[in-house]
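What follows is a set of notes on a single structure, which appears directly below.
The values are calculated or read from the model by the stated rules, or taken from the named source; none is laboratory data. Quick caveat: nothing in here was measured; it's all calculated off a predicted structure. Positions of Cβ are generated from backbone atoms using ideal geometry, with glycine treated the same way; all protein chains shown enter the neighbour counts. Areas reflect the complete protein model, heavy atoms only, side chains present, ligands, DNA and RNA absent. Shrake-Rupley method; radii C 1.70, N 1.55, O 1.52, S 1.80 Å.
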Amino acid sequence: QSVLTQPPSASGTPGQRVTISCSGSSSNIGSNNVNWYQHLPGTAPKLLIYSSAYRLSGVPDRFSGSKSGTSASLAISGLQSEDEADYFCAAWDDSLNGYVFGTGTTVTVL
Amino acid sequence: QITLKESGPTLMKPTQTLTLTCTFSGFSFSTSGMSVNWVRQPPGKALEWLALIYWNEDQRYSPSLKSRLTIRKDPSKNQVVLTLDNLDHLDTATYFCTHGSPSLDAFDVWGPGTMVTVSS
């Protein structure tokens, strides 16, 4: 049911860089901002990145976001153990007239 | 400081109507552009956006659930209520309400969520 596609998993060792992709279409990512959320099971999701590339105040600068065309990416550089979580992208969809979320990516720190 | 908290039943039967309440503080419906959204997550699955209500009472719904959803606000109580008709076991999920920030164009604060199980 998710309109935005993400890889189901990503992993890295501490200190490595991990990149998560989010693929959409012209009606969502192609024409609107992308936001990224971090979700630890059993807790409330947290906003990390808004407007495709801006870190929410207090979010470590190892998290960065970018957008190009109908795709977006979240990068975690200097991976830390506390970064183990699920990550979701989201955007407004002009055709659906509502928000859409990505399929989610589970990040594992090896 | 913005806070939100969801409340409602934890166990429902198929065909029943679910009513969830989001009680918030730290903001009001007088803020132009703001919204309150409902998002759910079935066990082991992705987040799914359900509905929103704007400060001006404008509403939007997920097309796949539009016929079953109703969202309304009660400004006097700082609450937003979501109803979901004709429940099915596929509606089993954790339901979150979120604050939609007009300046960030994002869900900047989330409630802790409430788990709803639909089972006969």
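Of all the residues that make up the stretch B:98-118, how many are open to solvent by 40 Å² or more (accessible area, probe 1.4 Å) and at pLDDT below 95?
Qualifying residue count, the stretch B:98-118: 3.
Here are the criteria: (1) open to solvent by 10 Å² or more (accessible area, probe 1.4 Å); (2) farther than 19 Å from residue A:45 by Cβ; (3) in contact (Cβ under 8 Å) with a residue 60 or more places away in the chain. Tell me which single one residue B:63 does not satisfy.
(3)
From the residues in the stretch B:46-81 that are under 13 Å from the mean Cα position of the chain (by Cα) and polar (S, T, N, Q), which one is nearest to residue B:27 (Cα to Cα)?
B:79
Do you know which of the residues in the stretch A:56-110 that are among the acidic types (Asp, Glu) and more than 14 Å from chain B (Cβ to nearest Cβ) is least open to solvent (accessible area, probe 1.4 Å)? So that I can check it myself, show each step before the final result.
First, pick out the residues of the stretch A:56-110 that are among the acidic types (Asp, Glu): A:61, A:82-84, A:86, A:93-94.
Still in the list and also more than 14 Å from chain B (Cβ to nearest Cβ): A:61, A:82-84.
Details: A:61: 120, A:82: 107, A:83: 2, A:84: 79 Å².
It comes out as A:83.
Which condition number does residue A:46 fail, the rest of (1) more than 28 Å from residue B:102 (Cβ to Cβ); (2) open to solvent by 20 Å² or more (accessible area, probe 1.4 Å) being met?
Every condition holds for residue A:46 apart from (1).
When residue B:95 is evaluated against the numbered criteria (1) of a type in the set (Ser, Thr, Tyr); (2) more than 27 Å from residue B:13 (Cβ to Cβ); (3) open to solvent by less than 10 Å² (accessible area, probe 1.4 Å), which criterion, by number, is the only one it fails?
(2)
Considering only residues that are buried (at least 19 other Cβ atoms within 10 Å of the Cβ), under 23 Å from residue B:96 (Cα atoms) and among the hydrophobic types (A, V, I, L, M, F, W, C), which ones fall in the stretch A:21-43?
Correct list: A:22, A:34, A:36.
Need a quick list: strands (runs of 3 or more DSSP E) entirely within the stretch B:14-117 having at least 3 residues that are over 18 Å from residue A:36 (Cα atoms) and away from every other protein chain (no Cβ under 12 Å). Can you show your working first?
Numbers: elements: B:18-25, B:35-41, B:48-54, B:59-61, B:69-74, B:79-84, B:93-101, B:106-110.
Qualifying strands (runs of 3 or more DSSP E): B:18-25, B:69-74, B:79-84.
Name the one entry in A:61, A:86 that is in a loop (DSSP other than H, G, I, E, B) and of a type in the set (D, E, K, R). Can you show your working first?
Working: A:86 fails: in a loop (DSSP other than H, G, I, E, B).
The match here is A:61.
Considering the stretch A:89-108 alone, what residues qualify as being in a strand (DSSP E or B) and of a type in the set (S, T, N, Q)?
So the first thing to find is which residues in the stretch A:89-108 are in a strand (DSSP E or B), and the list is A:89-93, A:98-102, A:105-108.
Of everything in the stretch A:89-108, those that are in a strand (DSSP E or B) and of a type in the set (S, T, N, Q) turn out to be A:105, A:106, A:108.
Going through the stretch B:11-22 one residue at a time, which ones are within 15 Å of the chain's Cα centre (by Cα) and either farther than 19 Å from residue B:76 by Cβ or open to solvent by 60 Å² or more (accessible area, probe 1.4 Å) (or both)?
Just the residues of the stretch B:11-22 that are within 15 Å of the chain's Cα centre (by Cα), to begin with: B:17-22.
Within the stretch B:11-22, B:17, B:18, B:19 qualify.
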